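Here's the structure we're looking at; comments come further down.
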Amino acid sequence: MPEREKSEKEKSKAPAVDSSVLIMDLLASANYPMTLSEICEQTGIPSASGHRIINTLLEHQMVAHDPSRKKSYCIGAKIFQIASTIYNKQSIIPFFYPIAEILKNEIHKTIFLSVPVGNTIVVVSKLETSLNCAFNIFIGQTMPLYQSASGKAILSMRSTEFQQTYLASEKKVNPQIKQEWQTVQEELDRAKRLGYAVTHGEIEAGVSCISAPILNLRNEPVAAISASISGDYLDQQEARDNAKKLIQAARQLSSRIG
């Protein structure tokens, strides 16, 4: 459901926060700086409320005046500072590139690195294959843990207690998962047994993903390395061939991070 429809149908417990998020989401995705009237029109926020929220966001440098257009706004410097701080905390990223480069050249696939953030998985780095088969993978891309190959690879290495706690929290925001969980559990069991997880259509139709977990010294999953493969169906032999090299890369990364 679109955010605007959701906000109209459900009474918000923190309308100012919701409106702030709507404004920042809009400015982040806009191709040009936007005026207050344009922001309010597209978000459905009343002009008076929009004016107050914009001024507060300006004070905190979450948005900024854009000099290229009169009385217009863009994303502020604080957003970039926050994103940079979070990105720099991912100590695994410097180790990812040389290992992913070798893996990419071996299997000729786009390779990407994901980390768990709450109940989601977030892409934090990627290396595109030189072949003409670009996929819709971008840094910052976020997916539910239980739907993505990387998320399933990570969940498969978690305890049963952790998985059940995750399920309970996920049901609050996605009741449908209760019907899907038996299938998900079977996929997690298979991923743990094989050492990798596979999904079809996770990123886009006609694309499969294969992913292996990266573990720390306590044998806890902290990230996942994945490869995207063109095709509605991933041949089992191809999956095994790619998985062997992917698992090797995951183990190399695990040994680097300690």
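The values are calculated or read from the model by the stated rules, or taken from the named source; none is laboratory data. Fair warning: this is a prediction, and the values are worked out from it, not measured in the lab. Ideal geometry is used to build each Cβ from the backbone, glycine not excepted, and the neighbour counts take in all protein chains shown.
Just a few scattered comments:
- The single residue among 169, 255, 226 that is of a type outside the set (A, V, I, L, M) and either touching a strand residue (DSSP E or B) at 6+ places or on another chain (Cβ under 8 Å) or not in a helix (DSSP H, G or I) (or both) turns out to be 226.
- Qualifying residue in region 194-203 (condition: under 22 Å from residue 93 (Cβ atoms), modelled with pLDDT of 90 or more and either crowded, with 18+ Cβ neighbours inside 10 Å or assigned by TED's automatic domain parsing to the domain that holds residue 100 (or both)): yes
- Flag if residue 217 is in the same structural domain as residue 142 (by TED's automatic domain parsing) and in a loop (DSSP other than H, G, I, E, B): yes
- Qualifying positions in region 149-200 - small (Gly, Ala, Ser) and touching an Asp or Glu at 6+ places or on another chain (Cβ under 8 Å): 149, 156, 197
- Counting only helices (runs of 4 or more DSSP H) that sit wholly inside region 20-116, those with at least 2 residues that are outside the structural domain of residue 227 (by TED's automatic domain parsing) and within 30 Å of residue 226 (Cβ to Cβ) are 77-88.
- The residues of region 80-112 that are of a type outside the set (Gly, Ala, Ser), touching a residue at least 24 places away in the same chain (Cβ under 8 Å) and surrounded by fewer than 18 Cβ atoms within 10 Å (Cβ to Cβ), listed by number, are 87, 90, 93, 95, 97, 101, 102, 106.
- A Cβ distance below 8 Å, combined with a sequence gap of six or more or placement on separate chains, defines the contacts here; from region 37-48, residues that are within 14 Å of residue 16 (Cβ to Cβ) reach residues that are hydrophobic (A, V, I, L, M, F, W, C) and part of a helix (DSSP H, G or I) in the pairs 43/22; 43/23; 43/26; 45/22; 45/23; 45/39; 45/53; 46/40.
- Residues of region 147-189 that are touching a residue at least 12 places away in the same chain (Cβ under 8 Å) and either farther than 17 Å from residue 121 by Cβ or small (Gly, Ala, Ser) (or both): 148, 149, 150, 151, 153, 156, 169, 181, 185, 189.
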